[in-house]
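Here's the structure, in structure tokens; my notes come after.
The values are calculated or read from the model by the stated rules, or taken from the named source; none is laboratory data. Keep in mind that this is a model prediction, so the values were computed, not measured. All Cβ positions, glycine included, derive from the backbone under ideal geometry; neighbour counts span all protein chains shown. Heads up: the accessible areas ignore ligands, DNA and RNA and are worked out on the full protein's heavy atoms, side chains in. Shrake-Rupley method; radii C 1.70, N 1.55, O 1.52, S 1.80 Å.
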Amino acid sequence: MKTFSGLLCLALALAWPAFAAPAPATAKDTTTLSVVTLNLYHDKLDWPNRRTQIVQTLRELHPDAIALEEVLQHDKLPNQAQWLAEQLGYDWYFASVDTPGAAQRYGNALLTRRPILAREQIRLNPLDDSRTAGRLRLDVDGHAVNLYVTHLHWTQAGGALRERQLQDLLAWVEKTADGAPSLLAGDFNASADAPELAALRSGFGDSYGSLHGAKDRRADSTLNPKFNPPKRIDHVFFQRERFEPVSSRILFQKPDANGVWASDHFGLVSTFRLAPSATADAQRPWTDRALAPDRRAALLVQAMTQDEKFQMLHSYFGLGKDGGPLPPGALGSAGFVPAIERLGIAAQQLADAGVGVTNPGNVRPGDHATALPSGPATAATWNRDLAFAGGATMGREAWQQGFNVLLAGSVNLQRDPRNGRNFEYAGEDPLLAGVMVGESIRGVQSQRVVSTMKHFAMNDLETGRNTHSADIGEQAMHESDLLAFELALKIGEPGSVMCSYNRINGIYGCEHDYLLNKVLKQEWKFPGYVMSDWGGVHSGSKAALAGLDQQSAGEVFDKAVYFDQPLRLAVAGGTVPQARLDDMVRRILRAFIATGSFDHPPQRQPIDDVAGGAAVQKVVEEGTVLLRNERDTLPLPRTLRRIAVIGGHADKGVIGGGGSSMVGFTVNGANAVPGLAPTTWPGPVMFHPSSPLQALRKAMPDAQIDYASGDDVAAAAKLARGAEAVIVFATQWSAESVDLPDIKLPGKQDALIAAMAKANPRTVVVLETNGPVAMPWLQQVPAVLEAWYPGIRGGEALARLLLGEANPSGRLPVTWLRDVAQLPRPSIPGLGFKPAQPAGSNVDYDIEGANVGYRWFAARGLDPLYAFGHGLSYTRFDYANLSVQVDGSTVIASFDVRNSGEREGADVPQLYLRLPQGHHTPIRLVGWDKLTLKPGETRRVSIVAEPKTLADYDPAQRQWRIAAGDYELVLGRSATQAAASVPLRLQESVLPR
Ligand code: BGC
């Protein structure tokens, strides 16, 4: 429902310049923090009947934050935290407890009306009892505070378990508190004399806020600094540094017939005051970690000279100009901004990119890094934890090599399989791509390295990328590419966003007021800085006013260093306000402060190759997609004695993509197959030294495993005929700056595969490609694995998959088309290295609009070769008992998944929404889960739909709106393979911003 005040607020919010300085923090420490803690265990609190009353009370209290324990997420009850947050207009964060086999998911949640600076969770003692804790770092009037929540059942858990939980919790708090006052709101359900509570008190700096007893029918609602507990305690606040108790009151206590305690599940509202910081350095107030990043950055800006400010606004090419020396202080990488030592501002050292830390041309002799599997491989795992782990691997290695910015976070949608950079992206669906890339960004930044999110926006083709205009309507853009960015931003909170080369509806990405100011900074409230792509800047004041904050390597790639002299003149002449200049600098500094990089600058040290290798091998094992497996050809039986391995340089390694993201040096050495054309930019063609042949031989020492390159087809066929099984490796190289001319495997690989299949019916094909390729030989080949670009542990992981030591669980993040004729643009001028026609000046993305990939196929009634979401396993999964719960924009589907095969394996049940007849988009992915089940095991799964995928974007009101109507919720194995479905009636609603 529209209200005048709602519209007025919106109008004000949107009219507010993107560069308005943050509200000044109160100088005196009169800051208070009010927190409600509440155990929601529903039958105790009588949640279903009392929730409206609870919301009413919470509205009146208007606390800064709410800590919820025992939040329930199961099929009878939609997510309470999400519901409550929506009612109150708060942001929320859920730390889940996911006990294997449990039908119910309990967790802890934190809700807040304050800006969230960081959010994370930890699983405490994963071995038996699954308990979690969550943390939010909040900006409370310019102060940074940590609020932790947990729920530990210490009366039930055994002593050793308690001790481990406690240690985990304390160590985590120690690591994450990072100089800011910290409050732990918990429900400990422990006897008051439990030694762990005493330990917790001392672990938290031996200070203690408030406690409440329940079981002994006593309550203490005063914030009592003396520990004087009743026999049993439940809600407790512990605090480290600077919180002074002010008041506390019991809430929602449910009286029994006699008016006394009927339940130990109640709430508490407590208020704390921040005591002055003892450690703050009056000369350098920005070093106070207990201040919020915006405040610290603003203090730094105040202390800077105009020259120092301009120094921050443009980076140098970190590899030197025209082959000349590196800029003084640069480590050797894509970008460099000198330090301002006077103020303790470290140099910005910017390294590429999204599949590992690069070392272009071995500019840093001896430096190497873990080469990750390509973006689609990670996306194909559909496993958020693996995306995070991959990001954390890159972030850690960046930090260990001295970098504080990683140019990662590529989330452009795959609109065309010929896009040369698809291997850097995460597929065609905005939800999948946004979530997986968001997790990867979060992983990078967990290592105190700023990550970018790029290339903003619509950089979906490389052909003519520096000049062409990507033309698309606002609504369609928001419901496709921009949604991926929006979700990745929300999850990953990248410090920086890189604007793209291309024009969007005629305007360059790096001077796009609508995209940078209106959408990114105002609508999405992005607090960080926008950096340009290398060579993406065409103006000074225009770009600065449109929202660009930092020009990248302009002295090499742009016509001018616009953000130096030209911008100085513009500021001096008043074209660009000084406030905007300060905003640019503040945004940059804020990113380093918020990620912890400012306080914990990188320190060069050897990287952890073992940890890196293990993390990325798991990605290949879960991201490789078993496309076809006739007659259970795979896994290959261990009894085989003669295997022929053919082609793809499988004796040496696995292929990787070219361009700025290429990781050329790894623990196993440099390029395994040097000299393949092109050997210069965007080459060289890279083979990571991880040989599938060697890995297979190691795994099967008693078998004879021979290799033929396939150059001589007759010789290879002879080998194939004499073998019990044949594995053909086929590769497709792809690179930044150039698109593929078609979807054919290059060279004579199709003929080679066909010849092998003819020679031996047990022929398996392993594809190492940018994405979908034509497979004219498919009917002759019983088994096909898509391994994308599998990175430095590709060989080992593929051997394990082929032999059944790992069970494939990858699902396609893209539609596997049959033919380019099925694409929205079957022919695009300018594709390939030597294009027959020059690139066009426009790409019309309105042809498909928001219907990228499977949505296009559904809208046009096209039949893919393999649908988005498709992927086989060596076991089988059955689904049963689908039910759905709807509450406003909260839609939760619950169902049973059973492993009905003979092997342990992981499944990816997918939830799709079929929209009402006549809707512009026929189908959307709205959620998924990934779970591992033992043979015969059944688990009930609940998937919460992402609200934005239920809604349409309304460009006039700039909001997401769910249209009332009759929808259908489909539980699928892929976008086209429905296992069950239920009708779904949705009411009209506008999603909160
Ligand atoms: C690419 C970016 C990359 C930058 C720095 C550009 O050509 O588009 O993705 O981060 O170069 O190397």
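Which whole number of Å³ per residue matches the convex hull of the alpha-carbon atoms in segment 711-827?
Hull volume normalised by residue count: 129 Å³.
What does the charge dipole of the chain about its Cα centre add up to, to the nearest 20 debye, if the Cβ of each Lys and Arg holds +1 and the Cβ of each Asp and Glu holds -1?
540
Could you work out the relative contact order of segment 591-713? I mean the mean sequence separation of Cα pairs under 8 Å and 6+ apart, divided by the number of residues, in percent.
That works out to 27 percent.
Under a straight-distance cross-link criterion of Cα-Cα below 16 Å, which aspartates and glutamates are reachable from LYS525, leaving out those fewer than 8 residues away in the same chain?
ASP91, ASP139, ASP294, GLU486, GLU493, ASP513, ASP549, ASP583
Plugging the Kirkwood radius over Cα pairs into Stokes-Einstein for segment 286-348, at a temperature of 4 °C and a viscosity of 1.567 mPa s, what D comes out in µm²/s?
The estimated diffusion coefficient comes to 100 µm²/s.
Which value, in debye to the nearest 20, describes the size of the charge dipole of segment 626-703 about its Cα centre when Lys and Arg Cβ atoms bear +1, Asp and Glu Cβ atoms bear -1, and nothing else is charged?
Charge dipole of segment 626-703: 240 debye, to the nearest 20.
Taking every pair of alpha-carbon atoms in segment 527-684, give the share separated by more than 27 Å as a whole percent.
That tail contains 57 percent of the Cα-Cα pairs.
What ranking, highest mean first, results for peptides 651-664, 729-742, 336-349 when packing means the other Cβ atoms within 10 Å averaged over each residue?
651-664, 729-742, 336-349
Would you work out the relative contact order for the chain, in percent, from Cα pairs under 8 angstrom that are 6 or more residues apart?
10
Classify segment 781-925 from the C-alpha gyration tensor, please: rounded if a/c falls under 1.5, else prolate or oblate depending on whether a/b exceeds b/c.
Taking the square roots of the gyration eigenvalues as a ≥ b ≥ c, segment 781-925 is oblate.
So what's the net charge close to TYR562: Lys and Arg +1, Asp and Glu -1, counting the other residues with Cβ under 13 Å from its Cβ?
Around TYR562, the charge tally is -2.
Give the carbon-plus-sulfur fraction of the accessible surface of the chain in %, rounded to a whole number; probe 1.4 Å, heavy atoms of protein chains only.
So the carbon and sulfur contribution to the accessible surface is 52 percent.
To the nearest 20 debye, what charge dipole does segment 471-565 have about its Cα centre, counting +1 at the Cβ of each Lys and Arg and -1 at the Cβ of each Asp and Glu?
Computed charge dipole of segment 471-565: roughly 140 debye.
Take ARG51, ARG914 and sort them by solvent-accessible surface of the protein heavy atoms, 1.4 Å probe, largest at the top.
ARG914, ARG51
Mind ranking 402-413, 979-990 by how tightly packed they are, going by the mean number of other C-beta atoms within 10 angstrom, highest first?
402-413, 979-990
Which whole number in µm²/s is D for segment 450-581 by Stokes-Einstein, with the Kirkwood Rh taken over Cα pairs at 20 °C and 1.002 mPa s?
The estimated diffusion coefficient comes to 145 µm²/s.
Which helices, taking whole DSSP H runs in the chain, have alpha carbons extending 18 angstrom or more along the helix axis plus mean Kyte-Doolittle at least -0.5?
159-177, 384-400, 430-445, 578-594, 609-623
Using a 1.4 Å probe and ignoring any ligands, DNA or RNA, find the accessible area of TRP856 and quote it in Å² to the nearest 10.
Rounded to the nearest 10, the figure is 20 Å².
Taking a quarter of the surface of the convex hull around the Cα atoms of the chain, what do you get in nm²?
That works out to 38.9 nm².
Just how much of ASP141 is accessible, in Å², when a 1.4 Å probe is used and the result is rounded to the nearest 10?
70
In Å², and per residue, what accessible area does the chain have when probed at 1.4 Å with the other protein chains present?
35
I want to verify the translational diffusion coefficient of segment 303-414 in µm²/s; compute it with Stokes-Einstein, Rh as the Kirkwood radius over Cα pairs, at 10 °C and 1.306 mPa s.
Approximately 103 µm²/s, per Stokes-Einstein.
I'd like the accessible area for ASP513, computed on protein heavy atoms only with a 1.4 Å probe and all protein chains in place. Round to 10 Å², please.
Rounded to the nearest 10, that gives 60 Å².
Taking a ≥ b ≥ c as the square roots of the eigenvalues of the Cα gyration tensor of segment 927-992, is the shape rounded (a/c under 1.5), prolate (a/b larger than b/c) or oblate?
The shape class here is prolate.
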